[in-house]
Amino acid sequence: MNQTRIKNNELGYLGNPNIKRDGIEQSWASDDIREYAKCMKDPVYFARKYLKVISLDDGLVDFDLYPYQEEMFSHFDDNRFSIVLACRQSGKSISSVAYLVWYAIFHPEKTIAILANKGATAREMLARATLMIENIPFFLQPGCKAVNKGSIEFSNNSRILAAATSGSSIRGLSVNLLFLDEFAFVENAAEFYSSTYPVVSAGKDTKVIITSTANGLGNIYHKLWEGAVQSTNEFKPFRIDWWDVPGRDEEWKKQTVSNTSELQFDQEFGNNFHGSGNTLISGNKLLGLQAKPPIYTQESVKVYERPKEKHEYMMFVDVAKGRGQDYSTFNLVDISTRPFKQVAVYRDNNISPILFPDIIYKYAKTYNNAYVVIESNDQGAVVCNGLYYDLEYEHVFVESVVKKNAIGVEMTRKVKRIGCSNIKDLVERDQIEVVDADTIIEFSTFVAKGNSYEASDGNHDDLVMNFVLFGWFVSSPMFNDITDLNIKEMMYNEKIKQIEDELVPFGEMDDGRPEETEVINGERWQVMESTELY
């Protein structure tokens with residue numbers, strides 16, 4: 001037997017005869033060289049032939065990849081940024097670990113970071129990688145400098161690290177491949193991702209692989225997945241549905257639902273991003289909202305539709321302090337179409353309230369002198385005065401001609417309550433078309449808190465507040481005067497039409513007797529049988 005294939009204590013790492021230690025000289029047979037080259041080129045071939053995994057039923061077995069797992073390997077290899085949405089127990093994690101082992105062995109001087117929602121989970125995945133390495137022939141192993149619960153360091157200067165997802169997990173490291181497992185379940189994931197992404201994006205060939213099952217709407221994983229599906233970010237989506245897993249059929253689904261529930265099945269196996277149940281807009285409607293790419297973006301404005309001649313537009317504005325926290329926003333809405341259309345969006349958290357009126361003025365003028373409604377609370381008063389007095393823009397909502405500082409709308413509890421109620425009806429009855437991805441995300445995290453609604457922790461609602469303002473304004477007499485539209489009447493008529501469409505029409509009954517008719521004043525009438533009452 002070839003000496004390089006012998007595993008013993010002399011060649012092993014710290015008494016482990018199954019892991020080749022650092023510094024072992026490798027002599028190569030021609031067959032070994034060809035096999036090594038084949039494995040280096042094809043991760044699927046390498047995994048099928050040489051990797052082993054633990055099966056619940058059979059113990060240590062060869063890694064027999066399912067067809068979708070083979071496709072996933074190719075997906076990882078072909079794309080720099082990969083995001084996987086997978087049903088539970090689909091083998092996404094073990095498949096990902098197998099790819100990482102291949103990547104570390106055949107790509108020298110690479111740092112691979114395995115980060116999971118819990119440190120124990122990340123270390124367990126590293127243990128799976130160690131098990132795979134222990135069962136690889138010595139001639140394929142690069143040798144190990146260190147093997148412990150937190151890392152594996154190879155003789156080719158590649159290494160695999162494991163840790164929990166936190167802002168300091170890989171800060172200061174140069175990472176070539178970042179693997180994030182069950183990312184939808186990570187607390188403060190948005191903060192972690194924003195602090196981690198620069199570490200990876202610094203290189204031209206670095207990779208990011210994110211995998212998870214669905215866990216509600218509005219989190220960073222959901223946002224990245226939707227962006228990947230709609231091609232608004234650099235991630236490429238890969239989806240694993242329950243029916244992709246061999247042995248899962250309709251009978252399996254029926255049994256699983258009977259042991260749990262339809263909702264739980266959809267969440268765990270259906271890849272459905274169910275909302276928390278307390279969002280202003282219903283979860284089903286949120287899932288149906290489809291974002292579109294803007295025609296162009298400039299000055300923090302995303303334009304989805306250019307201004308059209310003879311169309312009427314309205315702009316709804318929310319003002320922040322411009323200190324990198326909350327966002328100053330506006331939404332331009334085409335009110336000449338049915339449904340109403342979101343046509344342009346502004347969002348910036350660094351714009352000064354002093355400079356914001358100039359941007360509002362520019363786009364309001366561009367969109368046919370759009371009527372502007374501004375929330376006047378706090379810094380909003382500065383923007384109201386700047387637009388109305390300094391720039392002398394007349395198409396601004398003024399609450400009262402006699403009341404002091406009456407330009408714009410003060411966001412009171414009553415205004416917010418009416419606005420939330422009306423925009424909910426407009427969105428859920430398809431009376432307004434929302435196409436901006438950031439706006440949809442904000443609606444997905446706009447949840448009930450006490451007797452009102454606001455952004456869930458770690459999220460923003462500045463774009464949503466534009467539409468809350470719109471919801472309030474469309475029910476005001478001013479809106480009726482400007483547009484000759486009565487929203488309440490329009491929505492009432494729409495509801496009546498929906499009820500009528502859903503009614504089953506009454507049929508005519510035939511009793512088998514011939515129809516008797518009689519001519520009266522030149523017209524033929526049906527003769528009805530009289531009924532006497534006693």
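Put +1 on the Cβ of each Lys and Arg and -1 on the Cβ of each Asp and Glu in the range 117-216; which of MET125, VAL208, ASN176 then has its Cα farthest toward the positive end of the dipole?
So the residue furthest toward the plus end is ASN176.
Can you tell me the order of 288-299, 113-124 when each peptide is scored by its average per-residue count of other Cβ atoms within 10 angstrom, highest first? Write out the running numbers ahead of the final one.
Values: 288-299: 13.4, 113-124: 20.4.
Ranking the peptides 288-299, 113-124 by packing returns 113-124, 288-299.
What distance in nm separates the two pseudo spin-label positions at ASN16 and LEU56, each 7 Å out from Cα along the beta-carbon direction?
2.7
Report the gain in length on full extension from LYS362 to VAL398: 0.36 nm times residue separation, minus Cα-Cα distance, nm rounded to one decimal.
Values: separation 36, 0.36 × 36 = 12.96 nm, distance 1.98 nm.
My answer for the length gained is 11.0 nm.
So what is the relative contact order of the range 324-422, in percent, for Cα pairs below 8 Å that sit 6 or more residues apart?
Details: 118 pairs, mean separation 20.0, N = 99.
Here the relative contact order equals 20 percent.
Quick one: if you take sqrt(5λ) for each eigenvalue of the C-alpha gyration tensor of the range 288-493, what semi-axes come out, biggest first, whole angstrom?
Details: eigenvalues 94, 81, 72 Å².
Equivalent ellipsoid semi-axes, largest first: 22, 20, 19 Å.
Could you order the peptides 369-376, 452-459, 139-146 from most to least packed, using the average number of other C-beta atoms within 10 Å per residue? Mind dumping the intermediate values first?
Numbers: 369-376: 23.2, 452-459: 16.2, 139-146: 19.0.
Most protected by this proxy first, the peptides run 369-376, 139-146, 452-459.
Could you check the simple spin-label distance between ASN259 and ASN135, using points 7 Å along Cα→Cβ, in nm with one decimal?
2.5
Order by neighbour count: SER155, SER336, SER444, fewest other Cβ atoms within 10 Å first, most last. Don't skip to the answer; put the middle values down first.
Numbers: SER155 17, SER336 14, SER444 28.
The order, fewest Cβ neighbours first, is SER336, SER155, SER444.
So if R0 is 41 Å, what FRET efficiency would ALA146 and SER195 give, r being the distance between their Cβ atoms, rounded to the nearest 0.05?
Working: r = 27 Å, r/R0 = 0.65.
Efficiency computed from Cβ-Cβ geometry: 0.95.
Order these by the 10 Å Cβ neighbour count, fewest first: LYS341, LYS92.
Sorted ascending by nearby Cβ count, the order is LYS341, LYS92.
With viscosity set to 1.567 mPa s and temperature to 4 °C, compute the Stokes-Einstein D of the range 395-472, Rh being the Kirkwood radius across alpha carbon pairs; µm²/s, no decimals. Write down the numbers at each step before the final one.
Working: Rh = 13.6 Å.
So the translational diffusion coefficient is about 95 µm²/s.
Amide H neighbours of VAL396 under 5 Å, at least 5 residues apart or on other chains, H built in the peptide plane: list them.
Excluding prolines and chain starts, which carry no amide H, the hits are VAL372.
In the neighborhood of LEU391, defined by Cβ-to-Cβ distances under 14 Å, what is the net charge if each Lys or Arg adds +1 and each Asp or Glu adds -1? Display every interim value, and only then the final one.
On the way: positive: LYS362, LYS365; negative: ASP358, ASP390, GLU392, GLU394.
Summing Lys/Arg as +1 and Asp/Glu as -1 gives -2.
May I ask you to compute the full-extension gain from TYR66 to GLN325, defined as 0.36 nm times their residue separation minus their alpha-carbon distance, rounded to one decimal in nm? Kindly include the intermediate steps, with their values, before the conclusion.
Values: separation 259, 0.36 × 259 = 93.24 nm, distance 4.63 nm.
Extra length from TYR66 to GLN325 when fully extended: 88.6 nm.
Between ASP241 and ASN480, what's the calculated FRET efficiency when r is the beta-carbon distance and R0 is 56 Å? Round to 0.05.
Working: r = 49 Å, r/R0 = 0.87.
Rounded to the nearest 0.05, the efficiency is 0.70.
Distance from a point 7 Å along Cα→Cβ of ASP378 to each backbone N in the range 303-325: keep the residues under 19 Å and list them by number.
Once the point is set 7 Å along Cα→Cβ of ASP378, 316-325 turn out to lie under 19 Å by backbone N, inside the range 303-325.
Only Cα pairs under 8 Å and at least 6 apart count here; give the relative contact order of the range 3-240 as a rounded whole percent. The partial results should precede the final answer.
On the way: 435 pairs, mean separation 55.5, N = 238.
Over the range 3-240, the number comes to 23 percent.
Sort 348-355, 254-261, 84-91, 426-433 for me by packing, meaning the mean count of neighbouring Cβ atoms within 10 Å per residue, highest on top.
Numbers: 348-355: 15.5, 254-261: 11.9, 84-91: 21.1, 426-433: 18.5.
Packing proxy ranking, top to bottom: 84-91, 426-433, 348-355, 254-261.
Sequence-distant or interchain residues sharing an amide H contact under 5 Å with LYS207, placed H: which?
LEU177, LEU178
Could you pull the Cα extents of the range 3-240 along its three principal axes, largest to smallest, in whole Å?
Result for the range 3-240: principal-axis Cα extents of 56, 38, 35 Å.
Taking 0.36 nm per residue of sequence separation and subtracting the Cα-Cα distance, how much length would be gained by fully extending the chain between GLU109 and ASN272, in nm to one decimal? Present the calculation step by step, with values, prior to reporting the outcome.
Values: separation 163, 0.36 × 163 = 58.68 nm, distance 3.91 nm.
The span from GLU109 to ASN272 would gain 54.8 nm if fully extended.
Would you grab the residues whose amide H sits under 5 Å from the one on ASP348? Only those 5+ places off in sequence or on another chain, please, with H modelled 1.01 Å from N.
Correct list: SER328.
Rank these for me by crowding, ILE160, ILE240, going from fewest to most other beta carbons within 10 Å. Provide the component values of the computation, followed by the final result.
On the way: ILE160 27, ILE240 23.
The order, fewest Cβ neighbours first, is ILE240, ILE160.
Every number here is computed from the coordinates shown, using simple stated rules; none is lab data. All values reported here derive from a predicted model rather than from experimental measurement. A quick note on method: Cβ atoms are made from the backbone with ideal geometry, for glycine too, and the neighbour counts reach across all protein chains shown.
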